[in-house]
């Protein structure tokens with residue numbers, strides 16, 4: 001009797017110790033009370049939903065060590081001997097202007113380092129050669145001439161109609177504008193059927209003609225049910241008055257297409273969207289974009305399905321240096337997880353897909369934070385985005401190794 005009592009007491013003490021320490025594997029219903037206690041920050045309206053996850057002791061700054069099978073099975077296709085080129089995802093990146101060539105490169109290469117098979121970049125012709133020189137892994141296509149676009153914008157802005165000849169000249173310029181925009185749209189949309197996901201915005205720039213063409217590309221992507229990540233200048237586009245209805249779910253001119261869309265704003269971009277689309281109200285903004293998955297980037301990234309309310313928070317501790325390009329890397333990794341979602345869930349309701357997109361986006365945030373932490377540990381103040389890219393692959397391998405068949 002004494003021996004059994006002693007064993008019982010030891011087991012109770014071990015259990016109590018385990019619950020209080022870091023990296024304890026826990027199975028629990030996803031309610032906000034347990035979320036706050038455990039530090040995982042997963043929320044859902046459905047208390048019967050269960051998940052397992054590694055959580056961390058925040059005082060120790062310890063993070064997720066690996067994703068458990070229940071989460072992996074919902075977000076990542078297995079690699080096997082039956083896999084073929086493209087079966088792990090074909091990602092499109094629309095971005096890259098004459099001035100900004102690094103951003104689409106970071107997004108495209110990050111998508112490959114995360115596990116996608118192929119990455120296409122659609123950019124300004126002036127950016128295509130530099131990006132091709134950065135990496136032979138990326139397929140790069142110049143889909144418009146920034147020089148010609150900028151020249152045309154200047155001509156349209158300077159023309160004053162004073163007579164019949166000026167009117168004819170202006171009409172010719174507007175016809176040229178339509179031709180330029182249609183050509184850019186056609187070059188991107190002609191490859192949409194080959195893509196599993198499209199990331200729009202890294203290094204895109206804010207040329208008015210590019211904005212107009214991009215808006216039509218987003219509309220066409222929605223019509224075709226293409227999953228999209230909107231980042232950087234694509235978020236600026238959404239804040240412009242003439243394009244605010246593109247994603248509004250209750251707009252009579254924009255039907256609800258079965259297209260999963262992820263927005264990745266930082267605090268400045270989020271406040272701009274709330275001010276414009278939401279007319280200053282975060283609640284109104286989220287109501288208008290109820291079909292969207294929102295990734296609010298910050299010290300702790302918050303990922304939420306605006307339709308179901310399913311929410312997760314990434315509490316990983318990243319590197320201390322905020323180098324340029326880290327947001328582009330995150331958008332590329334999210335693009336890969338979004339592509340995997342498209343591959344795994346070709347059928348099913350949009351709400352079901354969205355909750356798994358939240359899971360995938362949370363994983364992408366965890367991977368990015370861990371990669372920046374590892375890069376910073378090695379490079380400290382000299383850390384740059386390429387250093388983070390170098391660590392993405394090893395972090396993904398560590399966290400997802402069980403998805404590779406032996």
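Pick out the one residue from 290, 331, 342 that is modelled with pLDDT under 95 and in a helix (DSSP H, G or I).
342
Please determine, by comparing only the residues of segment 188-201 that are within 18 Å of the chain's Cα centre (by Cα) and not in a strand (DSSP E or B), which one is nearest to residue 338 (Cα to Cα).
Going through the qualifying residues, I end up with 196.
Would you pick out the residues in segment 82-96 that are in contact with a helix residue (DSSP H, G or I) (Cβ under 9 Å, 6 or more places away or on another chain) and surrounded by fewer than 24 Cβ atoms within 10 Å (Cβ to Cβ)?
Selection gives 86, 87, 88, 90.
Give 85, 132 a once-over and let me know the one that is farther than 29 Å from residue 181 by Cβ and over 15 Å from the mean Cα position of the chain (by Cα).
Just a single option satisfies the conditions, and that option is 85.
Which residues, counting only those in segment 212-233, are without any contact (Cβ under 8 Å) to a residue 40 or more places away in the chain and assigned to a helix (DSSP H, G or I)?
Within segment 212-233, 212, 215, 216, 218, 219, 220, 221, 222, 223 qualify.
When you go through (1) at pLDDT 95 or above; (2) farther than 21 Å from residue 204 by Cβ one by one for residue 147, which number turns out not to apply?
Among (1) at pLDDT 95 or above; (2) farther than 21 Å from residue 204 by Cβ, the lone unmet condition for residue 147 is (2).
Taking residue 204, is it under 25 Å from residue 327 (Cβ atoms) and outside any helix (DSSP H, G or I)?
Taking the combined requirement at face value, the residue satisfies it.
Here's a check for you: in segment 52-68, which residue that is surrounded by fewer than 19 Cβ atoms within 10 Å (Cβ to Cβ) and in contact with a helix residue (DSSP H, G or I) (Cβ under 6 Å, 6 or more places away or on another chain) is modelled with the lowest pLDDT?
52
In segment 174-185, what residues are out of contact with any strand residue (DSSP E or B) (no Cβ under 8 Å at 6 or more places or on another chain) and surrounded by 14 or more Cβ atoms within 10 Å (Cβ to Cβ)?
176, 177, 181, 185
Tell me which residues, restricted to segment 64-85, are more than 19 Å from residue 362 (Cβ to Cβ) and out of contact with any strand residue (DSSP E or B) (no Cβ under 6 Å at 6 or more places or on another chain).
Answer for segment 64-85, where residues must be more than 19 Å from residue 362 (Cβ to Cβ) and out of contact with any strand residue (DSSP E or B) (no Cβ under 6 Å at 6 or more places or on another chain): 78, 80, 81, 82, 83, 84, 85.
Scan segment 369-386 and give yes if some residue there is in contact with a strand residue (DSSP E or B) (Cβ under 7 Å, 6 or more places away or on another chain) and either surrounded by 24 or more Cβ atoms within 10 Å (Cβ to Cβ) or under 20 Å from residue 202 (Cβ atoms) (or both), otherwise no.
yes
Given (1) closer than 27 Å to residue 391 by Cβ; (2) more than 14 Å from the chain's Cα centre (by Cα); (3) modelled with pLDDT under 95, identify the lone condition not met by residue 306.
Here residue 306 meets the rest and fails (1).
Going by the structure shown, is residue 115 at pLDDT below 95 and either surrounded by 18 or more Cβ atoms within 10 Å (Cβ to Cβ) or in contact with a strand residue (DSSP E or B) (Cβ under 9 Å, 6 or more places away or on another chain) (or both)?
no
Looking at segment 254-274, can you tell me whether even one residue there is at pLDDT 90 or above, surrounded by fewer than 19 Cβ atoms within 10 Å (Cβ to Cβ), part of a helix (DSSP H, G or I) and touching a strand residue (DSSP E or B) at 6+ places or on another chain (Cβ under 9 Å)?
Within segment 254-274, one or more residues are at pLDDT 90 or above, surrounded by fewer than 19 Cβ atoms within 10 Å (Cβ to Cβ), part of a helix (DSSP H, G or I) and touching a strand residue (DSSP E or B) at 6+ places or on another chain (Cβ under 9 Å).
The values are calculated or read from the model by the stated rules, or taken from the named source; none is laboratory data. Here the structure is a predicted model, which is why all the values come from computation and not from measurement. Neighbour counts run over all protein chains shown; Cβ positions are idealised from the backbone, glycine included.
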